[in-house]
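Okay, so here's the structure we're looking at.
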Amino acid sequence: MCRVISIGHLEAKKRPLDAVKIVRKLRNKFENIEFIWIGDGELRDRVKRVCQKNGLTFVNFVGRKSEREKWQLLKSSRVYISTSGFEGFNLTIAEAFLAGLPVILMTCRCTKRSTKIQ
(Lines give C-alpha, C1' and ligand atoms only; values in the text may rest on other atoms or scores of the structure.)
Protein backbone atom coordinates (compact mmCIF):
# COMPACT_ATOMS: atom_id res chain seq x y z
CA MET A 1 0.00 0.00 0.00
CA CYS A 2 1.31 3.43 -0.97
CA ARG A 3 -0.14 5.99 1.43
CA VAL A 4 -0.16 9.60 0.23
CA ILE A 5 -0.97 12.25 2.81
CA SER A 6 -1.85 15.93 3.05
CA ILE A 7 -2.53 18.10 6.09
CA GLY A 8 -4.50 21.33 6.20
CA HIS A 9 -7.84 23.06 6.38
CA LEU A 10 -10.22 22.08 3.61
CA GLU A 11 -10.59 25.59 2.24
CA ALA A 12 -10.15 27.27 -1.13
CA LYS A 13 -6.58 28.52 -0.58
CA LYS A 14 -5.43 24.96 0.20
CA ARG A 15 -6.81 23.75 -3.17
CA PRO A 16 -7.94 20.30 -1.96
CA LEU A 17 -9.50 19.46 -5.32
CA ASP A 18 -6.06 19.86 -6.90
CA ALA A 19 -4.71 17.34 -4.40
CA VAL A 20 -7.45 14.92 -5.42
CA LYS A 21 -6.51 15.41 -9.10
CA ILE A 22 -2.87 14.64 -8.35
CA VAL A 23 -3.74 11.52 -6.41
CA ARG A 24 -6.06 10.41 -9.19
CA LYS A 25 -3.14 10.67 -11.63
CA LEU A 26 -0.93 8.73 -9.22
CA ARG A 27 -3.66 6.07 -8.99
CA ASN A 28 -3.41 5.60 -12.76
CA LYS A 29 0.25 4.63 -12.30
CA PHE A 30 0.13 2.93 -8.90
CA GLU A 31 -2.96 0.83 -8.32
CA ASN A 32 -2.48 0.17 -4.61
CA ILE A 33 -2.70 3.74 -3.29
CA GLU A 34 -4.50 5.44 -0.41
CA PHE A 35 -4.84 9.18 0.07
CA ILE A 36 -5.43 10.64 3.51
CA TRP A 37 -6.31 14.27 4.20
CA ILE A 38 -5.88 15.36 7.82
CA GLY A 39 -7.94 18.43 8.64
CA ASP A 40 -11.41 19.82 8.30
CA GLY A 41 -13.06 22.85 6.82
CA GLU A 42 -15.79 24.43 4.76
CA LEU A 43 -14.99 22.42 1.60
CA ARG A 44 -15.00 18.99 3.24
CA ASP A 45 -18.49 17.98 2.08
CA ARG A 46 -17.94 19.33 -1.44
CA VAL A 47 -14.62 17.53 -1.89
CA LYS A 48 -16.07 14.31 -0.47
CA ARG A 49 -18.96 14.53 -2.95
CA VAL A 50 -16.54 15.00 -5.85
CA CYS A 51 -14.59 11.93 -4.70
CA GLN A 52 -17.76 9.84 -4.33
CA LYS A 53 -19.08 10.98 -7.72
CA ASN A 54 -15.81 9.92 -9.36
CA GLY A 55 -15.51 6.60 -7.50
CA LEU A 56 -12.39 7.65 -5.62
CA THR A 57 -12.92 5.24 -2.72
CA PHE A 58 -9.20 5.34 -1.88
CA VAL A 59 -9.50 8.99 -0.71
CA ASN A 60 -10.12 9.35 3.04
CA PHE A 61 -10.84 12.51 4.99
CA VAL A 62 -9.95 11.76 8.60
CA GLY A 63 -10.65 15.17 10.15
CA ARG A 64 -8.55 16.66 12.89
CA LYS A 65 -6.03 14.46 14.64
CA SER A 66 -3.94 14.79 17.77
CA GLU A 67 -0.24 15.50 17.31
CA ARG A 68 0.55 11.87 18.12
CA GLU A 69 -1.97 10.54 15.60
CA LYS A 70 -0.74 13.01 12.96
CA TRP A 71 2.86 11.84 13.38
CA GLN A 72 1.80 8.19 13.23
CA LEU A 73 0.03 8.85 9.92
CA LEU A 74 2.97 10.86 8.56
CA LYS A 75 5.46 8.14 9.47
CA SER A 76 3.28 5.44 7.87
CA SER A 77 2.98 7.41 4.61
CA ARG A 78 5.19 7.31 1.52
CA VAL A 79 4.54 10.77 -0.03
CA TYR A 80 3.28 14.18 1.14
CA ILE A 81 1.30 16.54 -1.12
CA SER A 82 0.93 20.29 -0.57
CA THR A 83 -1.42 22.11 -2.93
CA SER A 84 -1.69 25.29 -0.90
CA GLY A 85 -2.02 28.44 -2.97
CA PHE A 86 -0.35 30.63 -0.36
CA GLU A 87 1.71 30.03 2.75
CA GLY A 88 4.11 32.08 4.78
CA PHE A 89 6.13 29.22 6.23
CA ASN A 90 4.47 25.89 5.53
CA LEU A 91 4.92 23.95 8.77
CA THR A 92 3.36 20.78 7.37
CA ILE A 93 6.00 20.60 4.61
CA ALA A 94 8.71 20.83 7.27
CA GLU A 95 6.95 18.09 9.26
CA ALA A 96 6.78 15.90 6.15
CA PHE A 97 10.51 16.36 5.59
CA LEU A 98 11.17 15.53 9.25
CA ALA A 99 9.15 12.33 8.76
CA GLY A 100 11.43 11.48 5.82
CA LEU A 101 8.78 11.89 3.13
CA PRO A 102 9.29 13.14 -0.40
CA VAL A 103 7.05 16.15 -0.97
CA ILE A 104 5.00 17.06 -4.04
CA LEU A 105 4.42 20.83 -4.14
CA MET A 106 2.17 23.01 -6.25
CA THR A 107 3.55 26.40 -7.18
CA CYS A 108 2.79 29.14 -4.67
CA ARG A 109 4.78 31.99 -3.18
CA CYS A 110 6.29 29.75 -0.54
CA THR A 111 7.47 27.10 -3.04
CA LYS A 112 8.68 29.05 -6.07
CA ARG A 113 12.29 28.38 -5.09
CA SER A 114 11.55 24.73 -4.27
CA THR A 115 10.18 21.96 -6.41
CA LYS A 116 7.19 22.62 -8.61
CA ILE A 117 4.94 20.46 -10.76
CA GLN A 118 2.73 21.48 -13.62
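Rundown of residues vs (1) over 21 Å from ALA99 (Cα atoms); (2) buried (at least 16 other Cβ atoms within 10 Å of the Cβ); (3) under 14 Å from the mean Cα position of the chain (by Cα); (4) free of Cβ contacts under 8 Å to residues at least 40 places away in the same chain, yes/no style:
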{"site": "VAL4", "(1), (2), (3), (4)": "no, yes, yes, no"}
{"site": "ILE7", "(1), (2), (3), (4)": "no, yes, yes, no"}
{"site": "GLU34", "(1), (2), (3), (4)": "no, yes, yes, yes"}
{"site": "TRP37", "(1), (2), (3), (4)": "no, yes, yes, yes"}
{"site": "ARG49", "(1), (2), (3), (4)": "yes, no, no, yes"}
{"site": "GLN72", "(1), (2), (3), (4)": "no, no, no, yes"}
{"site": "THR83", "(1), (2), (3), (4)": "no, yes, yes, no"}
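What's the total number of residues in region 57-85 that are more than 17 Å from ILE104 (Cβ to Cβ) and not aromatic (Phe, Trp, Tyr)?
So the first thing to find is which residues in region 57-85 are more than 17 Å from ILE104 (Cβ to Cβ), and the list is 57, 60-72, 75-76.
Now narrow it down to the ones that are not aromatic (Phe, Trp, Tyr): 57, 60, 62-70, 72, 75-76.
Qualifying residue count, region 57-85: 14.
Which condition breaks for LEU43 when tested against (1) of a type outside the set (D, E, K, R); (2) in contact with an Asp or Glu (Cβ under 7 Å, 6 or more places away or on another chain); (3) surrounded by fewer than 14 Cβ atoms within 10 Å (Cβ to Cβ)?
(3)
Could you check region 83-108 and list, in sequence order, the residues that are closer than 19 Å to LEU10 by Cβ and assigned to a strand (DSSP E or B)?
Scanning region 83-108 gives ILE104, LEU105.
Filter region 42-82 for residues that are part of a helix (DSSP H, G or I) and in contact with a helix residue (DSSP H, G or I) (Cβ under 7 Å, 6 or more places away or on another chain) and give the result.
If the condition is that a residue be part of a helix (DSSP H, G or I) and in contact with a helix residue (DSSP H, G or I) (Cβ under 7 Å, 6 or more places away or on another chain), then VAL47, VAL50, CYS51, LEU74 are the ones that fit.
I'd like the full set of residues that are in a strand (DSSP E or B) and in contact with an Asp or Glu (Cβ under 9 Å, 6 or more places away or on another chain), limited to region 6-38.
Those that are in a strand (DSSP E or B) and in contact with an Asp or Glu (Cβ under 9 Å, 6 or more places away or on another chain): ILE7, ILE38.
Could you tell me whether any residue of region 89-97 is over 24 Å from MET1 (Cβ atoms), at pLDDT below 80 and not aromatic (Phe, Trp, Tyr)? Talk me through it step by step, then tell me what you get.
Residues of region 89-97 over 24 Å from MET1 (Cβ atoms): 89-91, 94.
Narrowing further to those that are at pLDDT below 80: 89.
Checking which are not aromatic (Phe, Trp, Tyr) leaves us with none.
No: zero hits.
The values are calculated or read from the model by the stated rules, or taken from the named source; none is laboratory data. Just so you know, these numbers come straight off a predicted model, no measurement behind them. In this analysis, Cβ positions are derived from the backbone assuming ideal geometry, glycine residues included, and neighbour counts consider all displayed protein chains.
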